[in-house]
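Inspection log for the structure reproduced underneath, given as structure tokens.
The values are calculated or read from the model by the stated rules, or taken from the named source; none is laboratory data. Predicted, not measured: the structure shown is a model, and the values here were computed from it. Here the Cβ is made from the backbone with ideal geometry for all residues, glycine too, and neighbour counts use every protein chain on show. Please note that ligands, DNA and RNA were not included when accessible areas were found on the heavy atoms of the full protein model with its side chains. Shrake-Rupley method; radii C 1.70, N 1.55, O 1.52, S 1.80 Å.
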Amino acid sequence: MSERVINILVTSFPRILGQGILVTIPLTVLSFALALVIAVICAMIQIADVKGLKQLVRFYIWIIRGTPLLVQLYLVYFGLPDLGIMLPAFPCAVAVFALNEGAYCAETVRAAIEAVPKGQMEAGYCVGMSYVQIMRRIVLPQAFRTAFPPLSNSLISMVKDTSLAANITVMEMFMETQRVAGRTYEHLALYSEVAVIYLLFCTVITWLQRMGERKLSSMNGGDVIHA
Amino acid sequence: MLEVSGLRKAFDGAEILKGVDLSIDRGDVLAVLGPSGGGKTTLLRCLNFLEQADAGVMTFLGERMDMSAMSRRDIAAYRRHTAFVFQNFNLFSNKTALQNVTEGLIVARKMPRGEAEDRAIAALDRVGLADKKDAYPSHLSGGQQQRVAIARAVAGQPDVIFLDEPTSALDPELIGGVLDVIQSLAEDGMTMIVVTHEIGFARRVSTRVLFMEEGRALACQETAAFFEEQKLERIRMFLRSLNRKDDGI
Ligand SMILES: Nc1ncnc2c1ncn2[C@@H]1O[C@H](COP(=O)(O)OP(=O)(O)OP(=O)(O)O)[C@@H](O)[C@H]1O
Ligand SMILES: [Mg+2]
């Protein structure tokens, strides 16, 4: 490797990592937190069989899962202004990622809630608890344990998918890399560099997932099912 | 204390309970016997409103209720006086033994934690499991889980406990311990309705017997009369077939 390449890598590293910390991570964390809220609400609506709303949720999941994420980003960022709805790039990306991931996680959460044996609910009723109390204290904690590994997977996917936000002018890690590459033409070196940073982020999440699983398993009596 | 008449329940058009009557007084232990599929579990579930009956009138502690038209609030009020023990225990798997017992007291009855824990430890002690209070259900044997479930039932100080085949999911060597606990409750005057296939236990512990077959109560009478002076040929046949099984065929 020439000295020039090394120089470029060294000077670009803090800038790319900086955008990662300042943009990619907040974008992921915000979007994923919202996605979880959407997912739990959608799952509860489907399980409690709320009339009308249930059809709406099915429709939303159908649309989101049947269209590409990139197309959704373009639709909202470049398409909606035609209707007079103009959002800045970052909130727009958060909204699209949250809605997109929310649809997938809704299915994960629903499956996890449905996997909790019906007897747990009945035992709760028999000791006098209400539906909401049983859901909150008995069913959801058990479902969360089941959903934790697949949700961690979704989070890892999302970290990488945020690179798509570069397409709608969000200045995250990948866009920063593209800019440096555009100026220096060191594509191989720079894209390798950003790949390593993504890998680093995902490794940290995997590591956190392990710790989380161990914690959850010790809080639940130890018979956690490893996915 | 608890009287039911004309209890009916159908699933998908198939009538499972075809007008069942029963009555028990305080301190009674009613054993529900009968062949498999006769509707015993369905009866018990209707009595605690885990299933909504299609028809039936219940008089409980002097209050008359239409079993097919209970509001959620009525059911919640009724369940403050009852407890249910399931065939497969149904302990809350994310809670320790102690928490399983305190959960209903603290969350549903708003009892202060300290008081609930004292009561729970007393209940666990009574089933011989005070030393397992911090164990999760997955770390307990079936027999221990069922005893915790009984402690959970007792801790609410119910007027009546419903038990659906409390020992039939257990390995043979664990059955005795659970039956002993139930017997000690009976000796202390706890009112219970127990579905069971343990004939010896029914004979020893119950005060009355209800015999269910094909959705009907063929008999509801004093235990001694049921076993010693049984008039119905059908029931005598059922008892004979069980005796034969006990003889090891
Ligand atoms: N939720 C349900 N939906 C449809 N059919 C049901 C349902 N629950 C019970 N049944 C039917 O009702 C009949 C009586 O069942 P039930 O479980 O009450 O019998 P049981 O006397 O408790 O039998 P066992 O001794 O085997 O436990 C069975 O034929 C069963 O298939
Ligand atoms: Mg049964």
> For the protein assembly as shown, what is the accessible area per residue in Å², given a 1.4 Å probe and the full set of protein chains?
Replying inline: 48 Å²
> In region A:3-219, what percent of the accessible surface is made up of carbon and sulfur (1.4 Å probe, ligands and nucleic acids excluded)?
Replying inline: 70 percent
> Given charges of +1 on the Cβ of Lys and Arg and -1 on the Cβ of Asp and Glu, with all other atoms neutral, how large is the dipole of the protein assembly as shown about its Cα centre, in debye to the nearest 20?
Replying inline: 800 debye
> Summed for both chains, how many Å² of accessible area, to the nearest 100, are buried between A and B with a 1.4 Å probe?
Replying inline: 1900 Å²
> In region A:114-137, what residues drop by 10 Å² or more in accessible surface going from the chain by itself to the full protein assembly, probe 1.4 Å?
Replying inline: A:G119, A:Q120, A:E122, A:A123, A:Y125, A:C126, A:V127, A:G128, A:M129, A:Q133, A:R137
>> Cross-link candidates for B:K40: which lysines have Cα within less than 29 Å, leaving aside residues fewer than 8 places away along the same chain?
In response: A:K118, B:K9, B:K18, B:K231, B:K245
> How about region A:143-227: which chymotrypsin sites (Phe, Trp or Tyr not before Pro) there are in a DSSP loop, with at most 14 other Cβ atoms within 10 Å of their Cβ?
Replying inline: A:Y185
> Using Cα atoms only, what is the angle between the long axis of helix A:53-65 and the major principal axis of chain A, expressed in degrees (0 to 90) to the nearest 10?
Replying inline: 30 degrees
> To the nearest 0.05, how large is the calculated FRET efficiency for A:L80 and A:V50 if R₀ is 30 Å and r is the Cβ-Cβ distance?
Replying inline: 0.60
> Using the beta-carbon distance between B:Q157 and A:F59 and R0 = 51 Å, what value does 1/(1 + (r/R0)^6) give for FRET efficiency, to the nearest 0.05?
Replying inline: 0.55
> Are there residues in region B:66-90 whose accessible area shrinks by at least 20 Å² when all protein chains are included rather than the chain by itself, and which are they (probe 1.4 Å, ligands and nucleic acids not counted)?
Replying inline: B:R79, B:F86, B:N90
>> Around A:V57, under 13 Å between beta carbons, what's the net of Lys plus Arg minus Asp minus Glu among the other residues?
In response: +3
> How far is it, in nm, from the label point at B:K110 to the one at B:R72 when both lie 7 Å from their Cα along the line to the Cβ?
Replying inline: 1.8 nm
>> Please list, by residue number, everything in region A:177-194 whose backbone N is under 11 Å from a paramagnetic label point 7 Å out along Cα→Cβ of A:S2.
In response: A:185-186
> Do the sum for the protein assembly as shown: with -39,500 (n - 2.57) for every DSSP H run of n ≥ 4, divided by all residues, what is the mean residue ellipticity at 222 nm, to the nearest 500 deg cm²/dmol?
Replying inline: -17500 deg cm²/dmol
> Between B:R64 and B:R26, what is the FRET efficiency for a Förster distance of 30 Å, r being their Cβ-Cβ separation, to the nearest 0.05?
Replying inline: 0.95
> Beyond 43 Å, what percent of the Cα pairs of the protein assembly as shown remain?
Replying inline: 36 percent
>> I'd like the accessible area for B:K133, computed on protein heavy atoms only with a 1.4 Å probe and all protein chains in place. Round to 10 Å², please.
In response: 60 Å²
> Probe 1.4 Å, all protein chains in place: accessible area of B:S23 in Å², nearest 10?
Replying inline: 50 Å²
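Let me check against my output: what whole-number percent is the relative contact order of chain B, with C-alpha pairs under 8 Å and at least 6 apart?
27 percent
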> Any idea which of A:A103, A:F144, A:S130 is furthest toward the positive side of the dipole for region A:91-150, if Lys and Arg beta-carbons carry +1 and Asp and Glu beta-carbons -1?
Replying inline: A:S130
> When all protein chains stay in place, what accessible area (Å², nearest 10, 1.4 Å probe) is found for A:V127?
Replying inline: 30 Å²
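What is chain A's relative contact order, in percent, from Cα pairs under 8 angstrom and six or more apart in sequence?
29 percent.
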